[in-house]
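The values are calculated or read from the model by the stated rules, or taken from the named source; none is laboratory data. Please read all numbers here as calculations on a predicted model, not as lab measurements. Quick reminder, even Gly has a Cβ in these numbers, built from the backbone with ideal geometry, and neighbours come from all protein chains shown. Heads up: the accessible areas ignore ligands, DNA and RNA and are worked out on the full protein's heavy atoms, side chains in. Shrake-Rupley method; radii C 1.70, N 1.55, O 1.52, S 1.80 Å.
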Amino acid sequence: MRFHDSVCGAVLLALAVFIFTYALTIPPMPGQQYGADVFPRMVAIGLGAFSLMLVFRGWKYSAPGTPWVAIAPWMRDPRTRGNFILAFVLTIAYVLLDDIVGFIPLGIAILMVLFVRQKVEWRKGAVIAVAMVVMTQFLFGNLLRVPLPRGILTGFW
Amino acid sequence: MDAIIQALLLIADPYVILLICLSSAFGLFVGAMPGLTATMATALLVPITFFMPPLPAMAVIVTTSCMAIFAGDIPGALLRIPGTPASAAYTNEAYAMTVKGQAETALGAGVVFSAIGGIFGTIVLATSAPLLAEVAIKFSSFEYFWLVCLGLTCAVFIALDDPVKGMLALFIGLAVALIGLENPAGLPRFVFGVTDLMSGIEMIPAMIGMFAIAEVLRIVAAATTRLPPARAISGSIFKGQWTLTKKYPKQILRGSTIGVLIGALPGAGADIASWITYATAKKFSKEPEKFGTGHVEGIVESGAANNAAVSGAWIPALVFGIPGDSITAIVIGVLYLKNIIPGPMVFVNQPAIVTGIFALFFLANLILIPFGWLAIKSAKHILAVPREILMPIVLLFCIVGAFAVTNSPFAIGVMLAFGLIGFLMEEHGFPVAPVILGIILGPMLEQNFVTSMIKSDGSFLGFFNRPIAAGLGVVTLAVWGVMLLRGLKAIRVPQTA
Amino acid sequence: MRQRFQQVMALGLLGLVGLASPTQAAWPDRPVTIIVPWGAGGAADALSRILAPMLEQEFKQPFNVVLRPGGSGVVGHTAIAQARPDGYTIGLGTVEIVMLQHQNLAPINHKDFTPFAIINADAGGLIVGTDSPYKTAKELIEDIKRKPAGALKASGTGQGGIWHLGLVGWLLDEGVEPARVPWVPSQGAGPAMTDLVAGGVAFVTASLPEGRAMIDAGKARALANMDTKRLALYPNVPTLTEATGTKWSVLTWRGVFGPKGIPQEVSDRLVPALQKAHASKEFQDFMRDRGFGVAWMGPADASRFMDKSYDDFGRVMKASGMIK
């Protein structure tokens, strides 16, 4: 998806306005004239100024006929669109489920889904997925003591 | 002298040597895989370096980045796909040489002149950094304020043909840096009651997101993931390189010098260095008409430049704590984790680390020759690793890597959010490097600005009262002036399609 | 062939990670983070640098020191207080623990922490750059009285921090309006010393051991020591009382803390380890060499001490007009 420059500019302008108004609510540093509110206001002004320039430039000088929203090729092709959404959804699923399900089952599932989707032969995919996840668990979880959640496998080792 | 011996002892450790060999292999592999960049290689290594003493951690990063930048030449020459953006400038040239049957010469030139450029860069780093540190010790908040401004501006100024979007990217980074407690008053800002945001956006998950996740998304969204098969390299790659060295000494020197300078400028790294030096090589060449037809001259100059830039970027990173490129941006994060605060005092307090880094650069660029030779010889097989298997694995490592930094799933969310932001920004023609620079330098800019305002009782004149500050201030304002003119011109002649 | 390359890559990664660290059972069975609320080069930083390797040796686990400076110690102390109380995040707390709430800087006080031990106490000082015109504390205070308000600026820690209090208390005692010397907040004594040497401020009120690196490098000069007696480290530097006749003195202290609610099991292992480290020759030599004042208070003593300290600071800060 590709938005028109003016649309991008407008979104960033809204962000700038938000930062500025938020900064007005920051209390000053006790006993000093310049506190935590000064810098956000400067950032908001800079962001706002350049987004105005982008809005103006897009509106005035964009090639005629540039649509407000152009659909990128990868969004039109159901396969690449699916790939994109899948990678995204799987990562979110990991964040939400890792404590309950645990790293090993979830990691294998994520790799398998992506492999199958990319038409990797499933037996080969399964071997690689299990090997990679077990290796990662061993390296990060056991050797480096990163507390990768064990989830449903809690108590097995 | 003590520092040198100490540094050498630290490196001569078999543990460190083994790490160097492993990271060489890793760096060459990642650099040679199209779509995986040197920055991404470094970002993926951070969680591992987290568990190492400072010097081995630096060894891993230095070796990986040197190797990856060179290895980017391999698929460029063989498949016409640059392995990393730093090789993009001369990919067509190298491929044209391959078509003419000179792949050995093209890749050999890549190895040899990368090593020469890298060693030149290291010499400049090792001699200039301690001298600069002597000067930097006299810097107070005013000088640092201007220095940070100048660095941020340079990043936008040289990197881009669209300064408006570059500036916006920078301000987005600065806006991200506002989140959390890290401000002069220690007040929580923009946290909206989320405890995980109190300490601000963690830099490393954000970087893994912008450099690795965004790339994964881009590849899965690309029409094809399969690479064409590459041909094997059979002949000797070193044949004729000595002749080239004698033929193009000026090009090597110019490429290395420009490379190291551009590397030292904040925000611009190896990729920009190679574009610029490819252009200078063509401009000053006696036979410019041969460029693009498989002529080695440009490869010699920009091959030297991109590796010189890798070392050059460490100069401002070590002396001022201002990253010279996106790799050193990550390095600064790692140094902070190791309780080494980059700045002039590092040269006084931890000279062994500094000397150790210099020595590591020498070593990495020397072993680049044998390791590079191996990589070229096995290029055919490296490039045959299917990306549809590699990409999901990279995603898995990103998830574990982001998690490992803070041990919280929140970091994975941060990584994913920045991956999406990075992907969308590139789709809309915004560069991502200035965002990272903004996130890193935002707190430094704020701290120095607020302190300076307090010191000068709120008068902007105070920013010009000290001679060095005044000089830096004038230069910064001049650059802003030029940028403003260019920006106005860019409004009249839009580059965007 | 393809598989072989995956194997090579896998082995490579295996090797990289595998070399990192060995492990053991019970607390701590993974790396412990020590949060330091102050910048590099300060005393808190130095103390954590000496303690971390000793604890590492004791527990065979990495103790990673993470500096979290900013906001008069608010950032780091809040981070310690809000950490998960599992013993894997502890911190090097400083006197600010009992000050932050009074200063309205953060809604936390000593009740939000689990004290393990207080290990050091130091007095404030008076330090100028080598090229400063002031040779004695007396010359300095006279110039402060004579010159227009705001001509001389001081630094040493964050706004309202212990050394800021040290300055305000001294000025009040000398009969000078505290606003005559504006305070430049810094991220700790280390950054303040750097700024002093760079000529950013006129003087620094941090402790002499904190200024030592610069003093011994000939870049800064100690004028006085805000203690009741001279320091063994600088026997030639007078106390502030000797120099100007003021009765003012000020102390800071540092210790090892965790968030409230740390399991007793962790304290039972950590406190003896700290005591052992504290008693070691290595630690004592380090403290003497750096000129740091040695103190020892276990969890119970530290708790009692902080209760009293909290009330005292509230009184002094109100009296000085720093808070309302």
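For the reader, a short list of remarks on this structure follows.
- Count - residues of the stretch B:367-381 that are in a helix (DSSP H, G or I) and open to solvent by 10 Å² or more (accessible area, probe 1.4 Å): 9
- Sole residue being polar (S, T, N, Q) and either buried (at least 19 other Cβ atoms within 10 Å of the Cβ) or under 18 Å from the mean Cα position of the chain (by Cα) (or both), chosen from C:Ser309, C:Ser303: C:Ser309
- In the stretch C:113-152, the residue that is farthest from A:Ile26 (Cα to Cα) out of those that are part of a helix (DSSP H, G or I) and either within 14 Å of another protein chain (Cβ to nearest Cβ) or open to solvent by less than 20 Å² (accessible area, probe 1.4 Å) (or both) is C:Ala137.
- Considered as a group, the residues in the stretch C:66-85 that are free of Cβ contacts under 8 Å to residues at least 60 places away in the same chain and among the aliphatic types (A, V, I, L, M) include one that is nearest to the other protein chains (Cβ to nearest Cβ), and that residue is C:Val75.
- Residues that are farther than 30 Å from B:Val348 by Cβ and part of a loop (DSSP other than H, G, I, E, B) do occur in the stretch B:198-219, at least one of them.
- Matching residues in the stretch B:23-73 - criterion: being on the phi > 0 side of the Ramachandran plot and part of a helix (DSSP H, G or I): none
- The stretch B:121-134 - residue that is open to solvent by 60 Å² or more (accessible area, probe 1.4 Å) and in contact (Cβ under 8 Å) with a residue 24 or more places away in the chain and, of those, farthest from B:Ile258 (Cα to Cα): B:Glu134
- B:Val479 being touching a residue at least 40 places away in the same chain (Cβ under 8 Å), out of contact with any strand residue (DSSP E or B) (no Cβ under 6 Å at 6 or more places or on another chain), assigned to a helix (DSSP H, G or I) and open to solvent by less than 20 Å² (accessible area, probe 1.4 Å): no
- B:Trp146 meets each of the listed conditions (1) modelled with pLDDT of 90 or more; (2) open to solvent by less than 10 Å² (accessible area, probe 1.4 Å); (3) within 14 Å of chain C (Cβ to nearest Cβ) apart from (2).
- Within the stretch C:285-300, being within 23 Å of C:Pro209 (Cβ to Cβ) and either outside any helix (DSSP H, G or I) or charged (D, E, K, R) (or both) holds for C:Asp285, C:Arg288, C:Asp289, C:Arg290, C:Gly291, C:Phe292, C:Gly293, C:Val294, C:Ala295, C:Trp296, C:Met297.
- Exclusive hit being within 7 Å of another protein chain (Cβ to nearest Cβ) and either touching a residue at least 24 places away in the same chain (Cβ under 8 Å) or within 28 Å of A:Gly9 (Cβ to Cβ) (or both), set B:Leu187, B:Leu181, B:Leu217, B:Leu197: B:Leu217
- Residue within the stretch C:90-107 that is over 18 Å from C:Leu274 (Cβ atoms) and of a type in the set (Ser, Thr, Tyr) present: no
- Failed criterion for B:Asp196 (all others in (1) at pLDDT 85 or above; (2) surrounded by fewer than 22 Cβ atoms within 10 Å (Cβ to Cβ); (3) within 30 Å of B:Met391 (Cβ to Cβ) hold): (1)
Rundown of residues vs (1) at pLDDT 90 or above; (2) open to solvent by 40 Å² or more (accessible area, probe 1.4 Å); (3) not in a loop (DSSP other than H, G, I, E, B), yes/no style:
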position: C:Ile215; (1), (2), (3): no, no, yes
position: C:Leu223; (1), (2), (3): yes, no, yes
position: C:Thr228; (1), (2), (3): no, yes, no
position: C:Thr241; (1), (2), (3): yes, yes, yes
position: C:Ser249; (1), (2), (3): no, yes, no
position: C:Arg254; (1), (2), (3): yes, no, yes
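- Scanning the stretch A:80-102 for residues that are among the β-branched types (Val, Ile, Thr) and open to solvent by 10 Å² or more (accessible area, probe 1.4 Å) returns A:Ile85, A:Val89, A:Ile92, A:Val95, A:Ile100, A:Val101.
- Residue under evaluation B:Leu461, criteria (1) more than 9 Å from chain A (Cβ to nearest Cβ); (2) open to solvent by less than 10 Å² (accessible area, probe 1.4 Å), criterion not met: (2)
- From the list B:Thr280, B:Thr293, B:Thr245, the one residue that fits, being of a type in the set (Val, Ile, Thr), within 22 Å of the chain's Cα centre (by Cα) and open to solvent by 10 Å² or more (accessible area, probe 1.4 Å), is B:Thr280.
- If you filter the stretch B:383-429 down to residues that are of a type outside the set (A, V, I, L, M) and buried (at least 23 other Cβ atoms within 10 Å of the Cβ), you find that the one that is farthest from C:Pro31 (Cα to Cα) is B:Gly422.
- Checklist (1) touching an Asp or Glu at 6+ places or on another chain (Cβ under 8 Å); (2) over 19 Å from B:Lys455 (Cα atoms); (3) in contact (Cβ under 8 Å) with a residue 40 or more places away in the chain applied to C:Pro133, failing item: (3)
- Cross-chain or 6+ apart pairs with Cβ under 7 Å, the stretch C:237-261 first and on the phi > 0 side of the Ramachandran plot, then part of a loop (DSSP other than H, G, I, E, B) and at pLDDT 90 or above: C:Gly261/C:Pro85
- All positions within the stretch B:323-363 that are open to solvent by less than 20 Å² (accessible area, probe 1.4 Å) and within 12 Å of the chain's Cα centre (by Cα): B:Pro323, B:Gly324, B:Asp325, B:Ile327, B:Thr328, B:Ala329, B:Ile330, B:Val331, B:Ile332
- The set of residues in the stretch A:118-135 being part of a helix (DSSP H, G or I) and crowded, with 18+ Cβ neighbours inside 10 Å consists of A:Gly125, A:Ile128, A:Ala129, A:Met132, A:Val133.
- The numbered conditions (1) of a type in the set (Ser, Thr, Tyr); (2) at pLDDT below 80; (3) crowded, with 16+ Cβ neighbours inside 10 Å are all true for C:Thr23 except (3).
- Among the residues of the stretch B:21-54, the one identified as more than 9 Å from chain C (Cβ to nearest Cβ), surrounded by fewer than 24 Cβ atoms within 10 Å (Cβ to Cβ) and of a type in the set (A, V, I, L, M, F, W, C) is B:Leu44.
- When the residues of the stretch C:48-60 are filtered to those that are farther than 27 Å from C:Gln103 by Cα and touching a residue at least 40 places away in the same chain (Cβ under 8 Å), the one that is most open to solvent (accessible area, probe 1.4 Å) is C:Glu58.
- Matching residues, the stretch A:62-95, being more than 10 Å from chain B (Cβ to nearest Cβ) and of a type in the set (Lys, Arg): A:Arg76
- Residue in the stretch B:435-446 that is in a helix (DSSP H, G or I) and among the acidic types (Asp, Glu) present: yes
- Criterion (closer than 30 Å to B:Ser236 by Cβ and either without any contact (Cβ under 8 Å) to a residue 60 or more places away in the chain or of a type outside the set (Lys, Arg) (or both)) met by exactly one of B:Ala43, B:Ala59, B:Ala32: B:Ala32
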